[in-house]
1. The conditions are (1) in a helix (DSSP H, G or I); (2) at pLDDT below 90; (3) open to solvent by 90 Å² or more (accessible area, probe 1.4 Å); (4) not basic (Lys, Arg), and residue 39 fails exactly one of them. Which is it?
2. Name, by its number, the condition in (1) free of Cβ contacts under 8 Å to residues at least 24 places away in the same chain; (2) assigned to a helix (DSSP H, G or I) that does not hold for residue 119.
3. For residue 58, state whether it is hydroxyl-bearing (Ser, Thr, Tyr), within 16 Å of the chain's Cα centre (by Cα), more than 23 Å from residue 1 (Cα to Cα) and open to solvent by less than 50 Å² (accessible area, probe 1.4 Å).
4. May I ask you to verify whether residue 74 is in a helix (DSSP H, G or I) and surrounded by 12 or more Cβ atoms within 10 Å (Cβ to Cβ)?
5. Might you check whether a residue that is open to solvent by less than 50 Å² (accessible area, probe 1.4 Å), under 13 Å from residue 11 (Cα atoms) and modelled with pLDDT of 95 or more occurs anywhere in region 45-52?
6. Quick check: anything in region 13-31 open to solvent by less than 20 Å² (accessible area, probe 1.4 Å), closer than 17 Å to residue 95 by Cα, touching a strand residue (DSSP E or B) at 6+ places or on another chain (Cβ under 8 Å) and not in a helix (DSSP H, G or I)?
7. Which count do you get for residues in region 81-101 that are out of contact with any Gly (no Cβ under 9 Å at 6 or more places or on another chain), open to solvent by less than 60 Å² (accessible area, probe 1.4 Å) and assigned to a helix (DSSP H, G or I)?
8. Among the residues of region 102-118, which ones are surrounded by 12 or more Cβ atoms within 10 Å (Cβ to Cβ) and over 23 Å from residue 21 (Cα atoms)?
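The values are calculated or read from the model by the stated rules, or taken from the named source; none is laboratory data. The structure displayed is predicted, hence computed values, not measured ones. Neighbour counts run over all protein chains shown; Cβ positions are idealised from the backbone, glycine included. All accessible areas refer to the heavy atoms of the entire protein, side chains included, with ligands and DNA or RNA removed. Shrake-Rupley method; radii C 1.70, N 1.55, O 1.52, S 1.80 Å.
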Amino acid sequence: MKVAIIASNGGMFDAYKVFNIATAAAATDAEVGIFFTFEGLNLIHKEAHKQLPMPAGTEHFQEGFARENVPPVEQLVEMAAEMGVKMIACQMTMDVMSLQKDQFVEGIDVGGAASFLHFASDADITLTF
């Protein structure tokens, strides 16, 4: 199976959606690729992914995450990388935002939309968050 994910939003809940699906799919030996664009780049930014915003009024989720031993986003990013999830940072968005590859976690690729479209062209599942 092949799973293609587009991550264009950059909040805490977005990170859990993206990396929960990605790591679950990778655990089933699926080939997984995530294309991070616009605010989604926060999910793989070395500093931003450690302090992602939560929607107002949802602070109680932090207690639930801790109680249920849900890994922090930083650990989910590491798990995805260790499981072979292909992570592609959008070159155009990086250029527009004056971001460099060294500002992101280790192991990412940088590419344009065309490179992700090539990956996703034969995906069994395509998701956008």
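1. Single failed check for residue 39: (2).
2. It is condition (1) that residue 119 fails.
3. Spelling it out, it is not the case that residue 58 is hydroxyl-bearing (Ser, Thr, Tyr), within 16 Å of the chain's Cα centre (by Cα), more than 23 Å from residue 1 (Cα to Cα) and open to solvent by less than 50 Å² (accessible area, probe 1.4 Å).
4. yes
5. Yes; the residues of region 45-52 include at least one that is open to solvent by less than 50 Å² (accessible area, probe 1.4 Å), under 13 Å from residue 11 (Cα atoms) and modelled with pLDDT of 95 or more.
6. Scanning region 13-31 turns up no residue that is open to solvent by less than 20 Å² (accessible area, probe 1.4 Å), closer than 17 Å to residue 95 by Cα, touching a strand residue (DSSP E or B) at 6+ places or on another chain (Cβ under 8 Å) and not in a helix (DSSP H, G or I).
7. 1
8. 103
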